[in-house]
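Have a look at the structure below before the remarks.
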Amino acid sequence: MQSWVIGNWKKNPATLTEVNELTSAIKSKFLQKQSSQDFDSTCYPQLMVAPSTIHLVMASQSLEDTNILVGCQDISAKSATIGAYTGDSSAQQMLNAGGSWTLVGHSERRSYHRETEDTLITKMRFAFEQGLGVVFCIGETIEAYDLGKTIPVLEEQLQILKSLPNLNEFFAKIIIAYEPVWSIGTGKVPSIEEVEKVHQAIKQYVTGINASLADAPILYGGSVNADNADQFAASKWVDGALVGGASLDADKFLSIADSFYQGKQQLNG
């Protein structure tokens with residue numbers, strides 16, 4: 001299975017100039033790696049960046065002649081196409097602007113925007129209808145973690161997959177990203193043993209929902225950086241990383257990708 005390294009830029013950077021500089025740096029450094037004689041495309045992770053909506057077109061145009069994908073951070077739950085929904089951007093519009101995937105269920109959307117299960121189900125359905133893949137984010141709070149309820153909380157969040165019609169048709173369009181809420185942007189990181197235990201439980205649970213999800217990539221996110229990525233990359237249970245702050249630096253972002261490249265090379269033996 002190919003690994004993934006996805007950069008969630010959140011509400012960064014501030015200007016179009018900075019977006020152009022960042023995408024240009026990522027593109028240049030990645031193409032340089034690709035041109036190396038010993039580059040193995042079968043082991044190098046699939047790269048993707050998720051800029052804010054206003055920067056989506058520029059990022060997709062900048063990266064269009066590479067195999068680096070561009071995703072969006074959100075889509076409207078009001079309509080899959082067009083309509084009188086001021087401030088919303090639909091799955092159709094995101095696809096047309098160059099997006100190929102969308103994040104759904106990120107803890108910041110759940111918390112700051114009070115997104116419900118019904119909202120997440122609708123967004124996923126709209127994404128699939130329009131041809132977008134979904135990076136479905138799940139994670140527990142520090143309170144749940146301290147009480148030893150991580151896995152029950154995640155299974156409850158994953159239950160919404162049961163509500164999606166014809167799920168077996170879209171199995172190749174689903175990535176699951178496990179991000180402990182207490183680890184996002186805090187510098188606190190669970191041990192690799194904890195992460196592996198959670199990823200095994202996630203795989204078992206989603207496979208029970210639908211056998212077609214057995215091969216769905218399961219990424220880890222939460223304070224992933226160039227210094228700790230190698231421990232996750234060395235695990236057969238971690239299929240990549242959803243990266244926050246470190247994805248705003250081309251060198252750090254590609255260093256994380258290199259860690260998964262080397263890790264998967266070793267695992268493939």
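No lab work stands behind these numbers, since they all come straight from the coordinates. The structure presented is a predicted model; accordingly, all values stated were derived computationally and were not measured. Note that we place each Cβ from the backbone using ideal geometry, even for glycine, and neighbour counts take in every protein chain shown.
Relative to the present Cα-Cα distance, how much length would full extension add between residue 143 and residue 188 at 0.36 nm per residue of separation?
Working: separation 45, 0.36 × 45 = 16.20 nm, distance 1.45 nm.
Answer, rounded to one decimal: 14.8 nm.
Dividing the alpha-carbon radius of gyration of segment 4-268 by 2.2 N^0.38 Å (N being the number of residues), what value is obtained? Walk me through the numbers on the way to the answer.
Details: Rg = 17.5 Å, N = 265, 2.2 N^0.38 = 18.3 Å.
Here the Cα radius of gyration is 0.96 times the empirical estimate.
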Report summary line: Using alpha carbon centers only, segment 26-51 is separated from segment 194-214 by a whole-angstrom value of 28
Query raised in the report: Loop-only check: which chymotrypsin sites (Phe, Trp or Tyr not before Pro) in segment 47-129 are DSSP coil with at most 14 other Cβ within 10 angstrom?
Result: 85
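With N set to the number of residues, divide the alpha-carbon radius of gyration of segment 104-154 by 2.2 N^0.38 Å and report two decimals. Can you show the working numbers first?
Working: Rg = 12.7 Å, N = 51, 2.2 N^0.38 = 9.8 Å.
In units of the globular-protein estimate, segment 104-154 measures up at 1.30.
Evaluate the charge dipole of segment 4-268 about its Cα centre and quote only its size in Debye, nearest 20, assuming +1 on the Cβ of each Lys and Arg and -1 on the Cβ of each Asp and Glu. Each step should come with its number before you reach the end.
Numbers: 20 positive and 30 negative charges, 73 e Å.
Dipole about the Cα centre, nearest 20: 360 debye.
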Report summary line: Here, segment 103-189 modelled as identical Cα point scatterers in vacuum has Debye log10 I(q)/I(0) at q = 0.15, 0.27 Å⁻¹ of -0.57, -1.45
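Could you pull out the trypsin sites (Lys or Arg not before Pro) across segment 199-269 that fall in loop regions by DSSP (anything but H, G, I, E, B) with no more than 16 other Cβ atoms inside 10 Å?
On the way: sites: 203, 236, 252, 264; in loops: 236.
Taking segment 199-269 and a limit of 16 other Cβ atoms within 10 Å, the loop trypsin sites (Lys or Arg not before Pro) found are 236.
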Requested in this report: Measure out, as a whole number of angstrom, how far apart the alpha-carbon centroids of segment 57-131 and segment 242-269 sit.
Outcome: 25
Query raised in the report: Counting pairs of alpha carbon atoms under 8 Å apart in space and at least six apart in sequence, what relative contact order in percent does segment 95-204 give?
Result: 29
Query raised in the report: So how much slack lies between residue 197 and residue 168, counting 0.36 nm per residue of separation and subtracting their Cα-Cα distance, in nm?
Result: 7.9 nm
Query raised in the report: Which loop trypsin sites (Lys or Arg not before Pro) in segment 1-69, with loop taken from DSSP, have no more than 12 other Cβ atoms within 10 angstrom of their Cβ?
Result: 11
**Report entry** Among 207, 83, 103 - extreme Cα towards positive end, dipole of the chain, charges at beta-carbon
**Finding:** 83
Report task. In whole Å, largest first, what are the principal axis extents of the Cα atoms in segment 183-227? Result -> 35, 16, 15
Query - lysines whose Cα lies under 20 Å from that of residue 173, excluding same-chain neighbours fewer than 8 positions away - result: 123, 162, 203
Requested in this report: Using a cut-off of 9 Å between beta-carbons, work out the net charge of the residues near residue 237 (Lys and Arg +1, Asp and Glu -1, residue 237 not included).
Outcome: +1
Requested in this report: Please give the net charge around residue 104, taking every other residue with its beta carbon less than 14 angstrom from that of residue 104, where Lys and Arg add +1 and Asp and Glu add -1.
Outcome: -2
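Determine the calculated [θ] at 222 nm for the chain from helices alone, applying -39500 (n - 2.57) to every DSSP H run no shorter than 4 residues and normalising by the residue count; nearest 500 deg cm²/dmol. Write out the running numbers ahead of the final one.
Details: 10 runs with 108 residues, N = 269.
Counting only the DSSP helices, I get -12000 deg cm²/dmol.
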Requested in this report: Among the listed pairs 10/188; 149/236; 29/197, give every one whose C-alpha distance is greater than 31 Å.
Outcome: 29/197
Requested in this report: Let me have the relative contact order for segment 4-268, percent, based on Cα pairs under 8 Å that are six or more residues apart.
Outcome: 21
